[in-house]
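Peer 1: Sharing a structure below in structure tokens format, with a few things to ask.
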Amino acid sequence: MRLRNQGVAKLEHVKSATIEPNGQLGYELKESEKPLTIGEFKNLMNLYFPHLAQQLENSPPSDIGTQKDLFQEINYPKTDTPRYLQ
């Protein structure tokens with residue numbers, strides 16, 4: 001149950017496990033089952049796609065500010081609140 005809560009789908013993915021003195025279950029995943037880190041991803045990009053990786057590093061930030069505000073209708077209501085709801 002605790003392994004499943006930590007995202008371990010199969011017992012075969014676990015390299016080793018221990019019961020810690022505080023009663024918690026400690027575990028180490030097999031190398032092939034460990035999640036990919038951002039640093040590892042960047043290294044792979046530089047290795048296999050150096051031109052693309054350079055473009056991504058030099059590209060401007062995404063257009064987050066140009067998108068419509070998700071809470072615009074909440075922050076700026078178009079109509080006044082009816083008196084009976086105030």
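The values are calculated or read from the model by the stated rules, or taken from the named source; none is laboratory data. Model, not experiment: these values are computed from the prediction. Surface accessibility is based on the protein's heavy atoms, side chains included, excluding ligands, DNA and RNA. Shrake-Rupley method; radii C 1.70, N 1.55, O 1.52, S 1.80 Å.
Peer 1: Which order do S32, S16 take by accessible area at a 1.4 Å probe, largest first?
Peer 2: S32, S16
Peer 1: At a probe radius of 1.4 Å, what is the per-residue accessible area of K34, in Å² to the nearest 10?
Peer 2: About 90 Å², ignoring ligands and nucleic acids.
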